[in-house]
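Okay, structure first, notes after.
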């Protein structure tokens, strides 16, 4: 009997440990700002790709139609009493045929691989009421400078893989953001497919065919549109006030500002680089204790999630170390707060070796095309402003002077008074005046505010 108790304790400890392994992470499944405002019609635009048989193209078009049908059936089954409010239509547009684009709420295009103007994606993307799906098979290319995804010109993805991508992008059209965990071991397992992928909205797994529509996806769409389904946000709906009461989720901009200290991160062999992501959440949404979530997509398209709780003023800062072993190439960052992803604040940055001469990066913030040397007297002004001894308008006049003297190169125009400057810029001013960040890092924060319309520029 005396041996039984220790054995029992070991069994209990092992059981509790296994439970902790299962439930030790938090899921982040935000909504985006796109809303269907009527019964949607999806138009599959039949492509005419070089070197691809018409039979294969027919498979693609069948997958597009089936993707819409799967969403419609599952949403209808979950809302059987009002199935008609969850109707989704599909139309095939034969190759070369003229059609009225206004009759298509969403157009689905097939393309071999991304073009320079396409969004940061390697499987497909949704933007401006257009879904693009890339049909070439993908491999990994690596050289001394970077790790990137490569498209194989002699191989195409399976119809099932393309169908998974279409279903994922349809989820975005319905208002769904990406599904992720705050445990990066779990995210990696979903990416690798070593654990069941729990949502069609898990971003870019290595084998997209493993990703299917789940009950959690249907439930989330139901939360967005509420009782009235796809009519919830219709301008023609007479009982609009009742719709709001029944729980539909309107689009919300959750992030006031978001940026990174350096858009090009140069890694030295023996010195890890400490980078800062920083910003401020919307005043209207701020809630104590709620975390900001960042999904960083690496050059090989594997995910990494960072999270932090903002200060009482809604300000957040997330330090992140990049060392010599980090992947080199282009990264993409998206941000969410309080269940809302703010796609307008997404951006990309690059990581390169010290010896690399690569330059140029696509992002929604302005770039510094040369090193900046700010006058010493400005540090005194920055210090005074950061502690409240200098008002906003006086400090903005100093910035206007830098532009007029071409010390800082910005788009032509003059900086005008703004309603509210985020308090994190004052923190940047304090850091800069104390020598904790460089001239370039301080100027980049100013440029970030201008590009996001917080500091206004008049022609």
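Values quoted throughout were computed directly from the atomic coordinates according to the rules given, and no laboratory measurement underlies them. Worth saying up front: this structure is predicted, and the values here are computed from it rather than measured. A quick note on method: Cβ atoms are made from the backbone with ideal geometry, for glycine too, and the neighbour counts reach across all protein chains shown.
Just rank 186, 91, 351, fewest to most, by other beta-carbon atoms within 10 angstrom. Please report the intermediate quantities before stating the final value.
Details: 186 18, 91 15, 351 23.
Lowest count first: 91, 186, 351.
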Discussion item. In whole Å, what are the extents of segment 24-67 along the principal axes defined by its C-alpha atoms, from largest to smallest?
Written reply: 47, 35, 18
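Over the Cα atoms of segment 187-330, what is the Rg over Rh ratio if Rh follows Kirkwood? Walk me through the intermediate numbers first.
Working: Rg = 19.7 Å, Rh = 18.6 Å.
Reported Rg/Rh (Cα atoms, Kirkwood Rh): 1.06.
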Discussion item. Taking the Cα centroid of segment 190-205 and of segment 309-331, what is the distance between the two, rounded to the nearest whole Å?
Written reply: 23 Å
Practice prompt. Among 112, 389, rank each residue by its count of other Cβ atoms within 10 Å, from fewest to most, as a rough exposure measure.
Written response: 389, 112
Worksheet item: Looking only at Cα atoms, what is the convex hull volume of segment 252-302 per residue, in Å³?
Response: 131 Å³
Worksheet item: Going by how many other beta carbons lie within 10 Å of each one, how would you line up 307, 121, fewest first?
Response: 307, 121
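Express the relative contact order of segment 255-353 as a whole percentage, based on alpha carbon pairs under 8 Å and six or more residues apart in sequence.
On the way: 221 pairs, mean separation 34.0, N = 99.
Relative contact order comes out at 34 percent.
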Discussion item. Could you order the peptides 270-277, 253-260, 67-74 from most to least packed, using the average number of other C-beta atoms within 10 Å per residue?
Written reply: 253-260, 67-74, 270-277
Worksheet item: Any idea what Rg and Dmax come out to for segment 27-231 if you just take the C-alpha atoms, in Å?
Response: 17.1, 59
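Give, in nm to one decimal, the length gained when the segment between residue 308 and residue 266 is fully stretched (0.36 nm per residue of separation minus the Cα-Cα distance). Before the final figure, lay out the partial values.
Numbers: separation 42, 0.36 × 42 = 15.12 nm, distance 2.47 nm.
The span from residue 308 to residue 266 would gain 12.6 nm if fully extended.
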Response to the item:
Note to self: C-alpha centroids of segment 52-106 and segment 264-287 sit apart, in Å, by 41 Å
Worksheet item: Considering segment 255-353, what Rg and Dmax in Å follow from its alpha-carbon atoms?
Response: 13.9, 44
